[in-house]
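Everything below concerns the one structure shown next.
The values are calculated or read from the model by the stated rules, or taken from the named source; none is laboratory data. For clarity, every value in this text was computed on a predicted model and none was experimentally measured. As a convention, Cβ positions derive from the backbone with ideal geometry for all residues, glycine included, and neighbour counts pool all protein chains shown. In case anyone asks, the SASA skips ligands and DNA or RNA and just uses the protein heavy atoms, side chains included. Shrake-Rupley method; radii C 1.70, N 1.55, O 1.52, S 1.80 Å.
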Amino acid sequence: MADHPHKRRLLRTLPALAVLAALTVLFVRWNNTALETACFAPRLAGLPDGFDGCRLAVLSDLHGAEFGEGNADLFAAVAAVSPDYIFYLGDLEDLYRGPREGYAEMLAEGLSSIAPLYYVTGNHEWAIGGVPELKERLEAHGAHVLSNEFTPLERNGDTVVLAGIDDPNGYADQKTPEQVAAEVSAAYGDPFWLLLAHRNNGFAERYSLLGAGLVLSGHGHGGIIRLPFTDGLLSTDRTFFPSYTAGFYEKNGSALFVTRGLGNSGPTFRLFNRPEIAVVTLRKSS
């Protein structure tokens, strides 16, 4: 008895479908595990001459991810760009997976051995809890933790001010960003200053009004799934077509840089949006 033609077509199609499914799985895995180094060179009004060419490695949103054993691949990729400073912008670990023993210390030691490391908290640190102890552990392993405070950075005889704020998930009575900005002004007059603030979606209505020359943020995960002609498909709050998710933006005389980050929270995944090591080379506006 002859095979039915539909059955023969199905048998011919199944191997092709299996190959397509396997390639799709590999592509999605590559999108979530293959590090990408992305370079940016903004021209910033008021940047002191001594910081022209200053190279920043901007990292965020690891959510407990590991690139190579002990994050060796991450450290090697960061070291390869020879940064002057490394800024880590929060969400070191993930609420839904929980903290891993020694993970924060390993990250702090590995990154601070490359260049001075400055860190601010994200929303997941506060959701997990134990933030004061986390900050102490990070400091003990080489990180400079900025908790609603600021510090001068010096390069080639010039100074800029670096400020960092805790995530809004922090203490109800913590200093506001406006108070931190007022303290910067009181201490330094009208300096060029940088602000590390985890949440990208605070820029338009709040952080852009503080007077910082450059705000650096994460949190947006690049819009999770990046599509042509969009700034990503989903915000981390699960709203469609968010803005301020990747790259540079300007508003109210202030600039914002948002890194797409490195990891995923809970069951989410990246698509057309590889884990990013952002290299921001500061340039003085002519």
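Numerical summary
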read-out: Top-ranked residue in the stretch 134-147 [being in a helix (DSSP H, G or I) and touching an Asp or Glu at 6+ places or on another chain (Cβ under 7 Å); ranked as surrounded by the fewest Cβ atoms within 10 Å (Cβ to Cβ)]; value: Arg137
read-out: Filter result (part of a loop (DSSP other than H, G, I, E, B), in contact with a Leu (Cβ under 9 Å, 6 or more places away or on another chain) and in contact (Cβ under 8 Å) with a residue 40 or more places away in the chain) within the stretch 47-82; value: Leu47, Asp52, Gly53, Cys54, Ser60, Asp61, Leu62, His63, Gly64, Ala65, Phe67
read-out: Residues of the stretch 230-246 satisfying the condition of being within 17 Å of the chain's Cα centre (by Cα) and open to solvent by 10 Å² or more (accessible area, probe 1.4 Å); value: Asp231, Leu234, Ser235, Thr236, Asp237, Pro242, Ser243, Tyr244, Ala246
read-out: Hits in the stretch 68-91 - residues which are farther than 21 Å from Asn156 by Cα and open to solvent by 10 Å² or more (accessible area, probe 1.4 Å); value: Gly68, Glu69, Gly70, Ala72, Asp73, Phe75, Ala76, Ala77, Ala79, Ala80
read-out: Qualifying positions in the stretch 14-29 - aliphatic (A, V, I, L, M) and open to solvent by 80 Å² or more (accessible area, probe 1.4 Å); value: Leu14, Leu17, Val19, Leu20, Leu23, Val25, Leu26
read-out: Scope the stretch 259-286; condition in contact with a Phe, Trp or Tyr (Cβ under 6 Å, 6 or more places away or on another chain) and either over 23 Å from Glu93 (Cβ atoms) or hydrophobic (A, V, I, L, M, F, W, C) (or both); matching residues; value: Val280, Leu282
read-out: Members of the stretch 4-50 found to be closer than 17 Å to Ile224 by Cα and acidic (Asp, Glu), listed by number; value: Glu36
read-out: Residue check for Gly164: buried (at least 17 other Cβ atoms within 10 Å of the Cβ) and small (Gly, Ala, Ser); value: yes
read-out: Among residues of the stretch 30-46, those that are more than 20 Å from the chain's Cα centre (by Cα) and either in a helix (DSSP H, G or I) or loosely packed, with under 15 Cβ neighbours inside 10 Å (or both), counted; value: 3
read-out: Failed condition for Ala182, given (1) open to solvent by 20 Å² or more (accessible area, probe 1.4 Å); (2) within 25 Å of Ala45 (Cβ to Cβ); (3) in contact (Cβ under 8 Å) with a residue 24 or more places away in the chain; value: (3)
read-out: Condition check for Phe192: of a type in the set (Phe, Trp, Tyr) and surrounded by fewer than 18 Cβ atoms within 10 Å (Cβ to Cβ); value: no
read-out: Residue in the stretch 263-286 that is most open to solvent (accessible area, probe 1.4 Å), counting only those that are outside any strand (DSSP E or B) and of a type in the set (Lys, Arg); value: Arg274
read-out: Criterion (basic (Lys, Arg) and either at pLDDT below 95 or open to solvent by less than 20 Å² (accessible area, probe 1.4 Å) (or both)) met by exactly one of Arg97, Arg155; value: Arg97
read-out: Residue list for the stretch 113-133, filter: within 17 Å of Leu95 (Cβ to Cβ), without any contact (Cβ under 8 Å) to a residue 60 or more places away in the chain and open to solvent by less than 20 Å² (accessible area, probe 1.4 Å); value: Glu125, Val131
